[in-house]
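**Q** Structure in structure tokens, see below.
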Amino acid sequence: MTPATLYGLCAAALVAIGLFGLILHPTPLRKVISFNLIGSGTFLFFGIAARRGAAAGFLGDPVPQAMVITGIVVAFAATALAVALLLRMLEAGAPTVDGPPEQPDDLSP
Amino acid sequence: MSLVVDLFMVLLILTSAVWTVLARDRRDAVIAFIVLGLQLSLVWMRLMAVDVALTEAAVGGGATGLVLLRACARLQPVEAEGRLPGLRAQIAAGLLCAGVGVALAAVILAPAAPAPSLAPAVAAHMDEVGLKNPVTVVLLAYRALDTLLEKVVLVLGLIGVWALAPDLFWGGRPASLRAASPSGTLTFLARVLPPVGVLIGVYLVWNGADHPGGTFQGGTVLAAMWLLVMMAGLGELPETRALRLRRLVAVGPALFIAVGLAGFWMADGFLSYPPEYAKPIIVAVEVALALSIAVILGLMVAGPAAKEPER
């Protein structure tokens, strides 16, 4: 078994664990974290494809690598937006599964 | 021999992943997720993808972790974590996820032969672009449209975050990043690290043309230095309505689009570069993008405006 195959199996496990967390947790923040786990596993699949596609003097296929870099940054942007949304939801007193709405703490100018 | 190290690494990663999902406290979950990000960046090194390793460590673990930790601090007073579904539902979900995992593992164990690869296609025209880092060539030359759209996504994401500010606070400062009582260590590091960090950030951007590194990695290091100064309370976050700030956000994508349009009469079409000027154009675009990325990442961590704009 090559390291790439081993990490491929690891990626499959990461996606499965992340999916389980996404289903298991009722709170939005935990869902966002679990979703990021699925994302990490998916990115790792690209890494395996890149490593297996090593050719032309490169140690890995640069195209999937470049796609993963783009993907990581977009995943960050999506996470930041999701977190901002759920904090705002809480501030606005919307009924969330996070429990009763709290008093906004740093709204005072 | 080396497979033993890899096996150990996989065990560490799976432990972090399971802890991320099963930890009772959300802060523990976030910390496990940050640890996982750093472990994954080591895996990217093992997979010979240094550029991705840098990005994963800086953005995947670092910046995402910071956003999640801040959210934890805001959510902390609420003790209720919500109720988990019953045991039967948990078993059903576990079986479903195990099935998904096994299916994905089967795909890994039965790879396509020969492995599909675009590496020869990338190598074929590298000389025309004049850069030596194949990943940068793909990001800024062959697949420049993807990279351009991704920058636009970042700007749109920031607009989305800003739009969540209450009307009253529109254009004001985001909630302070300052720690409640910055420790001496934090203040010290915030004074000592930025000169070194800024140098490393600039080096990564400049070096990205020919060696591992590039706009994202360099930009994120710059953003981290900025955030460090804010957290120690040595500087204030700017008002989101500040014109200079908004120009910095827009300069990278705007220059990229301008260069893309210039391709219509200087070269073959949108986002194509004349071969003799390809390298200087790409480096100029990278510098502008790194500045914008640093500002956008910092502002995304800071969140929407939470104070009234000063008159």
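The values are calculated or read from the model by the stated rules, or taken from the named source; none is laboratory data. None of these values were measured; they are calculated from a predicted model. Neighbour counts run over all protein chains shown; Cβ positions are idealised from the backbone, glycine included.
**Q** Sort out which residues of the stretch B:103-127 are surrounded by 13 or more Cβ atoms within 10 Å (Cβ to Cβ) and in a helix (DSSP H, G or I), and write them in order of number.
**A** B:Leu104, B:Ala105, B:Val107, B:Ile108, B:Ala119, B:Pro120, B:Ala121, B:Val122, B:Ala123, B:Met126
**Q** Return yes or no: is B:Arg88 more than 29 Å from the chain's Cα centre (by Cα), within 7 Å of another protein chain (Cβ to nearest Cβ), surrounded by fewer than 14 Cβ atoms within 10 Å (Cβ to Cβ) and more than 29 Å from A:Thr5 (Cβ to Cβ)?
**A** no
**Q** Could you grab me the full set of residues in the stretch B:261-311 that are polar (S, T, N, Q) and in a helix (DSSP H, G or I)?
**A** Result: B:Ser292, single match.
**Q** Yes or no: the stretch B:268-276 includes at least one residue that is among the aromatic types (Phe, Trp, Tyr) and closer than 30 Å to B:Gly65 by Cβ.
**A** No, the stretch B:268-276 has no match at all.
**Q** Kindly establish whether B:Leu139 is surrounded by fewer than 17 Cβ atoms within 10 Å (Cβ to Cβ), within 13 Å of chain A (Cβ to nearest Cβ) and either out of contact with any Gly (no Cβ under 6 Å at 6 or more places or on another chain) or in a helix (DSSP H, G or I) (or both). Quick ask: steps written out before the conclusion?
**A** Details: surrounded by fewer than 17 Cβ atoms within 10 Å (Cβ to Cβ): no; within 13 Å of chain A (Cβ to nearest Cβ): yes; either out of contact with any Gly (no Cβ under 6 Å at 6 or more places or on another chain) or in a helix (DSSP H, G or I) (or both): yes.
So B:Leu139 does not fit the description; no.
**Q** Considering each residue of the stretch A:1-27, count those that are over 18 Å from B:Leu22 (Cβ atoms) and of a type in the set (A, V, I, L, M), and give that number.
**A** Here the count works out to 6.
**Q** Which of the residues spanning the stretch B:214-231 are surrounded by fewer than 21 Cβ atoms within 10 Å (Cβ to Cβ) and either on the phi > 0 side of the Ramachandran plot or not in a helix (DSSP H, G or I) (or both)?
**A** none
**Q** How many residues are more than 7 Å from chain B (Cβ to nearest Cβ) and buried (at least 24 other Cβ atoms within 10 Å of the Cβ) when one looks only at the stretch A:50-87?
**A** Selection size over the stretch A:50-87: 1.
**Q** Do we find that B:Leu96 is more than 7 Å from chain A (Cβ to nearest Cβ), touching a residue at least 12 places away in the same chain (Cβ under 8 Å) and either surrounded by fewer than 19 Cβ atoms within 10 Å (Cβ to Cβ) or not in a helix (DSSP H, G or I) (or both) in this structure?
**A** no
**Q** So, in the stretch B:89-104, how many residues would count as being modelled with pLDDT under 90 and closer than 15 Å to A:Gly47 by Cα?
**A** The total comes to 0.
**Q** Looking only at the stretch B:180-189, which residues are outside any helix (DSSP H, G or I) and either among the small types (Gly, Ala, Ser) or within 21 Å of the chain's Cα centre (by Cα) (or both)?
**A** B:Ala180, B:Ser181, B:Ser183
**Q** Got a sec? Which of B:Val205, B:Val192, B:Val161, B:Val196 is within 11 Å of chain A (Cβ to nearest Cβ) and assigned to a helix (DSSP H, G or I)?
**A** None of the other options fit; the residue is B:Val161.
**Q** Against the condition assigned by TED's automatic domain parsing to the domain that holds B:Val285 and crowded, with 18+ Cβ neighbours inside 10 Å, how does B:Gly171 come out, does it pass?
**A** Spelling it out, it is not the case that B:Gly171 is assigned by TED's automatic domain parsing to the domain that holds B:Val285 and crowded, with 18+ Cβ neighbours inside 10 Å.
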